[in-house]
Amino acid sequence: MLLDVERHDCPCCGGALHAIGELRTEQLDIVPAQLRVRVTRRPRYACRACEGAVVVAPAPERPIDGGMATEALIARVVVGKFCDSAQAQMLARQGVALDRSTLRSDVYVRRVGRACWWLTPLYDLLVGTALSAAKLFADDTTLPVLNPGRGRTKTGRLWCYAVDDRPWCGPSHPVAAYVYTEDRKGLRPAGRLAAFRGVLQVDGYPGFKRLAGDRADASVGLAFCWAHMRRYFYEFHVSTQSPLAAEVLAQIQALYAIEGQIRGHPAKHRQQARQERSRPVVEALHTWLQAHLGRVSATSDLAKAIRYALRHWSGLTVFLDDGRVEMDSNVVERAIRPVALNRKNALNRPGFVGNCNQVAVSSR
């Protein structure tokens, strides 16, 4: 947008003004998406001599046989379902009235299912890319799934496998891949990660521990999450104002302060800084936890927090010796958090939910 003065003569002497530059400012704007009807016209031709001969161009192939949705609308439906959580309201603002029952209808389900079918090659590529990394984050969350004929939902699981090498200047692009399973049995991640070799950064889920323990060649190493460990001490401190829990939180905060200063540096630099600055803090904290375990009530939440930390200590300290490893698994936590907003959109037939949540997306 150009805003110019009305007169190009000097306000002092009346002489002609000449341009010497411009002042430029920027604002962030948006052009709303527009819904439209795409009409395909196919002229029909006939021969006056041969009344039975009618010629018309073949109809273009549709993404859904007999369906009215174009590829762009199907993409919009999928993004709205899994990312925006408010399809009906968004379409209503643009003058399209769709009832929620319509959005849950078989037609709607077929649109999403067809999109998943088209995206399967991309899904396979992105999941393969994620699982081929040498360092992988993994986590899961619940997903409600309708049980046909029973009028209630059952609980499925949505697993996320994420890669993010940016904190240590690694070569891989960030990616997060999502996989649906019917339950949380240990064989689910074990099957998906059968070919994985490297460092797996996770929470304390036993299935991941068994996965690493079953590898005779020690091809999978577990790095545990300080954020999960910290949570137990934080919750105890909030409820009791315990000075002991406050001491642990202060030491963990000191470690995160160091991490904030070395994030974005090469892995070698991070490892050296952790050896010099973080290791003394970690070793002192380990000694403190061991000393205080016997001084607090064995049935208290503080004792449970200490036991959790000591039980996972070997995995919690992996980051000290490997500059590629983060202190926590917050990368995958952030990637899986939007699922909580979209749980209501997953209330469809089990097969549909399973197929549609096997879509991998690349993080920006």
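The values are calculated or read from the model by the stated rules, or taken from the named source; none is laboratory data. On a predicted model such as this, the values are computed, not experimentally measured, just so you know. Ideal geometry is used to build each Cβ from the backbone, glycine not excepted, and the neighbour counts take in all protein chains shown. SASA here: full protein model, heavy atoms, side chains in, ligands and nucleic acids out. Shrake-Rupley method; radii C 1.70, N 1.55, O 1.52, S 1.80 Å.
Here are a few things to note about the model shown:
- The set of residues in the stretch 241-280 being in contact (Cβ under 8 Å) with a residue 60 or more places away in the chain and open to solvent by 60 Å² or more (accessible area, probe 1.4 Å) consists of TYR256, ARG263, HIS265, PRO266.
- Which numbered condition LEU143 misses (of (1) crowded, with 18+ Cβ neighbours inside 10 Å; (2) at pLDDT 90 or above; (3) touching a Gly at 6+ places or on another chain (Cβ under 7 Å)): (2)
- Sole residue being within 23 Å of VAL331 (Cα to Cα) and among the charged types (D, E, K, R), chosen from ARG270, ARG295: ARG270
- Looking across VAL55, VAL37, one residue alone is part of a loop (DSSP other than H, G, I, E, B) and either of a type outside the set (Phe, Trp, Tyr) or touching a residue at least 60 places away in the same chain (Cβ under 8 Å) (or both). It is VAL37.
- Only one entry in ARG188, ARG192 is surrounded by 14 or more Cβ atoms within 10 Å (Cβ to Cβ), over 19 Å from MET327 (Cα atoms) and touching a Gly at 6+ places or on another chain (Cβ under 9 Å), namely ARG188.
- For the stretch 174-224, a residue qualifies if it is in a helix (DSSP H, G or I) and more than 22 Å from the chain's Cα centre (by Cα), and the qualifying residues are LEU187, PRO206, LYS209, ARG210, LEU211, ALA212, GLY213.
- Test: VAL56 is under 33 Å from the mean Cα position of the chain (by Cα) and within 30 Å of ARG110 (Cα to Cα): no
- Of the candidates PRO174, PRO206, PRO167, PRO148, the single residue that is exposed (fewer than 13 other Cβ atoms within 10 Å of the Cβ) and modelled with pLDDT of 90 or more is PRO206.
- Within the set ALA130, ALA115, the sole residue that is small (Gly, Ala, Ser), under 17 Å from the mean Cα position of the chain (by Cα) and not in a strand (DSSP E or B) turns out to be ALA130.
- The number of residues in the stretch 39-60 being open to solvent by 80 Å² or more (accessible area, probe 1.4 Å) and touching a Pro at 6+ places or on another chain (Cβ under 8 Å) comes to 1.
- Residues that are assigned to a helix (DSSP H, G or I) and either open to solvent by less than 30 Å² (accessible area, probe 1.4 Å) or touching a residue at least 24 places away in the same chain (Cβ under 8 Å) (or both) within the stretch 225-238 comprise TRP226, ALA227, HIS228, MET229, TYR232, PHE233, GLU235, PHE236, listed in sequence order.
- Residues that are under 19 Å from HIS312 (Cα atoms) and open to solvent by less than 70 Å² (accessible area, probe 1.4 Å) within the stretch 281-297 comprise VAL281, VAL282, ALA284, LEU285, HIS286, TRP288, LEU289, ALA291, HIS292, LEU293, listed in sequence order.
- Breaking point among (1) modelled with pLDDT under 95; (2) surrounded by 15 or more Cβ atoms within 10 Å (Cβ to Cβ); (3) among the basic types (Lys, Arg), for ARG324: (1)
- Counted residues, the stretch 239-253 - those being closer than 20 Å to ARG307 by Cβ and assigned to a loop (DSSP other than H, G, I, E, B): 1
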